[in-house]
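These notes concern the structure reproduced below.
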Amino acid sequence: MITVGIDLGTQTVKAVVLKDGAVVSRGKAFSGFDPAKSAQQAVDEALKEAKFSLSDVNHVTATGSGMEMAPNANSTISMMGADAQAGVFLFPKARTIIDVGAEEARAVKCDDNGIMMDFVVNERCAAGAGAFIEAMARALEVKLEDMGPLSLKAERASPINASCVIFGESDVVTLIHRQESKPEIARAIFDAMADRISSMVHRLGVNPDVVLVGGVAKDVGFVASLKRKLSIDVLIPEYPEYAGALGAALVAVRRAKKV
Amino acid sequence: MIMQLLGEVLKLMVLAGFAVAGILVILIWKKGLATKVTYLRFIIQIVTMVAVFYLFTYPVYQLIVLIVILVMPLFLGRFFCGWLCPFGLYMDAITLIRKALKVRYRLLPDKLNRALHNLRYVLLLIFLIITPVILSILFPIPSLDFAPIMALLFAGPFEPFRVLLGPLIPLIVPWVGPLEIGGVYFSYPYVQEVILYSNVVFSEIFVNVTALIFVALTFVGSFFVRRVWCRFCPTGSSLAVLNRFKGFKWAPALHIDKDEEKCTKCGICKRVCPVQVTEVYEQKGGKIDTSMCMLCMRCVEMCPYEGCLKVNMGGKTVFKSRNWLEPSTVE
Amino acid sequence: MKSKSEERRYVPEISQKEVEELRSTIKAASQKIIAENIERMKKTAENRPEEMKYFDDIANFFGTREKEIRAAKEKGRKVIGYMCLFAPTELILAADAIPIRVNSGWYDTAKLGDRVVPVEVCPVIRSTIGAKMIGLSPYLELSDALISVLTCDGMTKLGEILSDYKPVWAMTIPRVKDSAQSLRLWNDEIKAMKSQIEALTGNKIDRKKLKSAIELTQKATKAFRRLQELRKGAPVIMGRDAMLVNQTYMWDDIKRWTEKTEALCEELEKRAQNKMWACPPDTPRVMVTGTPMIWPDNWKLPTLVEEGTPQGVLVADELCSSERLLYDPVGVDEWNMSDMFNAIAERYLMASTCPCFTSKDGNEDRINWLLTKIKDWNIQGVIYYVHRGCMLYAMEYTRVKKVLDDIHVPVYYLDTEYTREDVGQMKTRVEAFLEMLTARIDI
């Protein structure tokens, strides 16, 4: 049984090829102006690495905000449903999955079969998503990938009041003028984000084990802050940004069996 | 002798026949009508009054009748009050006249209503205990033996227990009643007792006036306040007494049940109740626990939510509220 | 130099030119949306019931009904508008006036309302203000007076703002429902309203007229309930269609509405017999509860549910723009003036599940309503819909969630605004919720 899962995110498209319950390959492309084309690119890349062709594939399921535009998709699944499946696949004891993407964050509660039972999405605000880090990195004049390690150097966080991206930027400028150190500002930014995410998760109820996926899971600074705010250990898979595509591929297995 | 017996049996059969016919007519003709229970009740009340008349023609021990009435509430709640009592029939008939005249009824304040409910016991006390005491002072008994005391209670000049049968007195009585027109004797609930008692206080002339005043008061009272006597009638006190004892919580077997979730607290049941019972509205659910309810079932008739109020007889539902919503054609 | 009476106390100056421009633009847009919504409803249901054609016609704000009301006004009849469900319709009908609900469902006018009140205010209120500023709503324009029941803060101030344009009669409604003094107050308000209505229309409300008005609404309730009962089994009518039928009651001629609804019910009963379902019987059955959804623009959520992947069907709701309109009848015991008035007052106050009330048990009435609906209509999931700015509904959420968690019915909190911008986001959430319901059914 060979299935493909495609996650058409706002910034990047990810694809995963699954064969007989194991991940064979992955593919990625920037969404850009033509998500359908990028999706095709990502799928082709993954299939090439797996040495399969599209005709070998039993079922393709798409997820993500652009899932309607996926080419050659047999079905779609919500991001929450995909996250739940991926979480339990990667960590069988996972019951709460937090997905922090570029522009939206969500949390899903699921049962031991990876079927979602409840979900919560962050309300129309980018201060709980990757875009916040990007904006703050610009304000601090630090490279995006350096933000995490930088924040880990700090022992305390500078006071940031704003939880809004727009106000956050001016807040950061004020802190720099006051000569707060960059590590402490960076840590404050991650703390603010983790605060938003954790209150969102609390609305759902924290059920261990807790898994963190999405591109932002790769950022050590954010992960440290989140673990502190939730006061619980958080499991992170090896390729966290591919969780959505993986979940979609798992759903594709189910759907293929039904037909 | 046998012919007489046959004659009596025939009379009873004719009465029963009319009753059944009347009931069937209502059930079939008014099948869909929201207020069919009210019509049914009216027929049964009339039939009962005629039956009571026949009952009193027999030399039956009235004590037995009283015991039956006092024990009935254990099983049927105050069904007697709502469906069988002749005094209730008069009060309902007066209410019909009021409705036809489009005059509005008056409500008693809740506190007063509850106080009157407790007044029953006071009246019961007066008739069953205080009066015999007064009697034994006025007519001293030779010895404190069982027999003379029983004689005083049951066959003496005032026959205290008889007062509890007061509401049963039919309009036409098979004995010498206070009013005679063309060889037929008429009476009215409690009037004979009123005459007896007022004879002690007043002279002959005023006795009849007192009786008339009593009748007028009950007429006027029940014109403006629905079922006014029922709120403090001593005959209706047995259920309330019983309900105070833990062992009798299951009583009565015939009662109203409420489904909490279906209730929208619209208040219709409270408004239409002739004796202003508020427990049906106030209680959350389950068996409605009240000794005021006469089981006239008006609340169940008028509740517009399917299955919210049910009349249950030992578990089985006899009648339940339904989605009526047809314009009422009663008045 | 403007005279004192012409000065508006709240609404800022707006040039006649702008008013006309906005009105024609928004009116054209609205007509387009109305047509589009109906098209979409037709597409979703397989063989939409024939009788829906009548309701589609009434749903057009700028069509038949407007003409009818104008003609009636020329003959001397008065039009009394109301914002909240507590306005005593029966009294209005008994005085031979036309009752009509004037809450606004237009998104575009909400932006106009922002010129008068802050953005945080309930969008329905802002939209109504905006609609009045440009004279968009024919029903609002044709009203001779408005009844404003002071249920929430927004409604209280809306009445004041609108009184710049029309006579507004405020009715105080007690926030504690079940006390004797509350009922006394409300009874007095109803009696006072009777005098107001009689003064405006010049008609005396007598026993016979009131009786026929009550009988009229009782018949309407009967038809209304019949329609909701038909949604209990497998879906013979899509939720949006039923909601539209419910909502047209607010604007239509009641007698005719009743006849047409009964005809629709006849058609639906035949369909049920022939098993002609509007959508597959195993479609997830959803109930919506919360702030009102007014046609035509605020049809966002029902559309997402019924056109989503997977598809859901709305089989019941707890909305004052839909099933709360007519579910409770006026229960008259004796047809004299006193009891009829009591019955009317109690029907409006006591059966209501609006969260503006509280009582010994909080808003227990609403909880019971939800539980009964869930059981009898076989609801699989509940969407708790709140307009941003509504404190009352938002604050009751946690209680409802607890109760529904206890009976294992999923409930999803969805808050939104009078805007088209968040359709994408809402779609994701609604579809995830429907997916969740389907998954539960699968298991």
>> Restricting to Cα pairs below 8 Å that are 6+ residues apart, what does the relative contact order work out to for chain C? Please round to a whole percent.
In response: 18
> Quick one: if the Förster radius is 35 Å, what FRET efficiency do B:LEU107 and B:VAL20 give, using the C-beta to C-beta distance and rounding to 0.05?
Replying inline: 0.40
> Relative to the compact globular guide of 2.2 N^0.38 Å, what is the alpha carbon radius of gyration of segment C:39-152, as a ratio?
Replying inline: 1.22
> Relative contact order for segment A:1-72 using alpha-carbon pairs under 8 Å, separation at least 6, rounded to a whole percent?
Replying inline: 38
>> Taking a cut-off of 21 Å, what percent of all Cα-Cα pairs in segment B:247-320 are separated by more than that?
In response: 14
> Which of the lysines could a cross-linker span from A:LYS258 if the Cα-Cα distance has to be under 18 Å and same-chain partners fewer than 8 positions apart are dropped?
Replying inline: A:LYS19
> Which aspartates and glutamates have a Cα less than 18 Å from the Cα of C:LYS73, not counting those fewer than 8 places away in the same chain?
Replying inline: C:ASP96, C:GLU141, C:ASP144, C:GLU198, C:ASP252, C:ASP253
> What whole number of Å gives the distance from the Cα centroid of segment C:219-255 to the Cα centroid of segment C:82-140?
Replying inline: 23
> Taking the convex hull of the alpha carbon atoms in chain B, what volume per residue do you get, in Å³?
Replying inline: 183
> Tell me which lysines have Cα within less than 17 Å of B:LYS287's Cα, excluding those fewer than 8 residues away on the same chain?
Replying inline: B:LYS246, B:LYS249, B:LYS258, B:LYS262, B:LYS265, B:LYS270, B:LYS310, B:LYS316, B:LYS320
> Rounded to the nearest 5, what % of the DSSP beta bridges within the protein assembly as shown are antiparallel ones?
Replying inline: 50
>> Under 5 Å between amide hydrogens, which residues at least 5 positions from A:SER31 or on another chain qualify, with H placed 1.01 Å from N in the peptide plane?
In response: A:THR12, A:VAL13
> Mind checking the mean number of beta-carbon atoms from other chains within 10 Å of the Cβ atoms in A:80-87?
Replying inline: 2
> Helix B:146-155 versus the longest principal axis of chain B: what angle, 0 to 90°, nearest 10, using Cα atoms?
Replying inline: 70
> Say we join alpha carbon atoms closer than 10 Å with springs in a Gaussian network model of chain C; which of C:ASP241, C:ASP253, C:ASP178 then has the biggest fluctuation?
Replying inline: C:ASP178
> Average partner chain C-beta neighbours within 10 Å, per residue of C:339-347?
Replying inline: 3
> Regarding segment A:94-236, what are the three Cα extents along the principal axes, ordered largest first, in Å?
Replying inline: 51, 28, 22
> Using all Cα-Cα distances in segment C:14-442, what percent lands in each 10 angstrom bin from 0 up to the longest?
Replying inline: 4, 22, 33, 28, 12, 1, 0
> Count of lysine pairs in segment A:94-236 with Cα atoms under 22 Å apart, counting only pairs 8 or more residues apart in sequence or on different chains?
Replying inline: 15
> Okay, which of segment B:6-23 sit inside 13 Å, backbone N to the point 7 Å along the Cα-Cβ direction of B:TYR54?
Replying inline: B:6-21
> Taking each residue of A:209-216 in turn, how many C-beta atoms of other protein chains fall within 10 Å of its C-beta, and what is the average?
Replying inline: 0
>> Name the residue from C:THR151, C:VAL117, C:GLN228 whose Cα lies farthest towards the positive end of the charge dipole of segment C:82-238, charges +1 on Cβ of Lys and Arg and -1 on Cβ of Asp and Glu.
In response: C:GLN228
>> With a 10 Å cut-off between alpha carbons and a GNM built on chain C, which of C:LEU91, C:LEU301, C:LEU185 moves the most?
In response: C:LEU185
> How are the C-alpha pair distances of segment C:297-380 spread across 10 Å bins, as whole percents from the shortest bin up?
Replying inline: 14, 34, 32, 14, 5, 1
> Taking the Cα atoms of chain A alone, what are Rg (to one decimal) and Dmax (as a whole number) in Å?
Replying inline: 18.6, 64
>> Pairs of alpha-carbon atoms within less than 8 angstrom and 6+ residues apart define the contacts here; what relative contact order does chain A have, in percent?
In response: 24
> Once you have the alpha carbon radius of gyration of the protein assembly as shown, what is it after dividing by 2.2 N^0.38 Å, with N set to its residue count?
Replying inline: 1.21
> Angle between the Cα long axis of helix A:220-230 and the longest principal axis of chain A, 0 to 90 degrees, nearest 10?
Replying inline: 80
> Between C:ASP206 and A:PHE30, what FRET efficiency follows from the Cβ-Cβ distance if R0 is 60 Å, with the result rounded to 0.05?
Replying inline: 0.20
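Every number here is computed from the coordinates shown, using simple stated rules; none is lab data. On a predicted model such as this, the values are computed, not experimentally measured, just so you know. Cβ sites come from the backbone with ideal geometry, for glycine too, and all protein chains shown count toward neighbours.
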